[in-house]
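Structure record follows, encoded as structure tokens.
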Amino acid sequence: MFVRSSFRPLTRAATLGSRLQSSYSKIAKVTTLKEFENLTQSPKLSVFDFYATWCGPCKAMAPHLSKLVQEYPEVAFYKVDVDASSDIAKNCEVTAMPTFVFAKEGKLIGKLVGANPSGLEKGIKDLS
């Protein structure tokens, strides 16, 4: 009797996908407003990913963000769970997820609302 198996060997794309997902999980999570304010003081560009664990578009952006982390090592990437850190979200006037806030030298210098991988990369290039 022949039994079909759902097992498939990992392809190069699947391996890359898991590596990118792993990169996303390594992005530092910001949990307090004080910590957020301190991180925005950096002279280099900081990108804050405001997300919610239940948000489908936020999950869809994770591999794109992981790719950008690897491509732009000179940029600091952080993530903020809007449900766990609503004070930070309120401070940045985040009303939809995902929202990406760009900061440098103590100033919030840009914001991108929505799951837009090319817009996020353009923001990084323009503001670095």
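The values are calculated or read from the model by the stated rules, or taken from the named source; none is laboratory data. Note that this is a predicted model, so its numbers are computed, not measured. As a convention, Cβ positions derive from the backbone with ideal geometry for all residues, glycine included, and neighbour counts pool all protein chains shown. Heavy atoms of the whole protein, side chains included, go into the accessibility calculation; ligands, DNA and RNA do not. Shrake-Rupley method; radii C 1.70, N 1.55, O 1.52, S 1.80 Å.
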Where a residue in the range 66-83 is touching a residue at least 40 places away in the same chain (Cβ under 8 Å) and farther than 18 Å from Glu105 by Cα and its partner, wherever it lies, is polar (S, T, N, Q) and surrounded by 12 or more Cβ atoms within 10 Å (Cβ to Cβ), with Cβ under 6 Å and at least six apart: Ser66/Ser23; Val69/Ser23
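With Leu33, Leu39 as the choices, which residue is modelled with pLDDT of 95 or more and either closer than 12 Å to Ala76 by Cα or touching a Gly at 6+ places or on another chain (Cβ under 6 Å) (or both)?
Leu39
Considering only residues that are farther than 16 Å from Lys44 by Cβ and either in a loop (DSSP other than H, G, I, E, B) or among the hydroxyl-bearing types (Ser, Thr, Tyr) (or both), which ones fall in the range 108-128? Reasoning before the result, please.
Just the residues of the range 108-128 that are farther than 16 Å from Lys44 by Cβ, to begin with: 111-122.
Selection gives Gly114, Ala115, Asn116, Ser118.
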Enumeration of residues in the range 90-107 that are part of a strand (DSSP E or B) and open to solvent by less than 90 Å² (accessible area, probe 1.4 Å): Thr99, Phe100, Val101, Phe102, Ala103, Lys104
Checking Tyr24 against (1) modelled with pLDDT under 95; (2) in a strand (DSSP E or B), the condition it does not meet: (2)
Check on Asp126, on the phi < 0 side of the Ramachandran plot and open to solvent by less than 70 Å² (accessible area, probe 1.4 Å): no
Tally of residues being of a type outside the set (Val, Ile, Thr), assigned to a loop (DSSP other than H, G, I, E, B) and farther than 17 Å from Ser25 by Cβ across the range 73-89: 4
Enumeration of residues in the range 64-84 that are open to solvent by 20 Å² or more (accessible area, probe 1.4 Å) and more than 9 Å from the chain's Cα centre (by Cα): Lys67, Gln70, Glu71, Tyr72, Pro73, Glu74, Asp83, Ala84
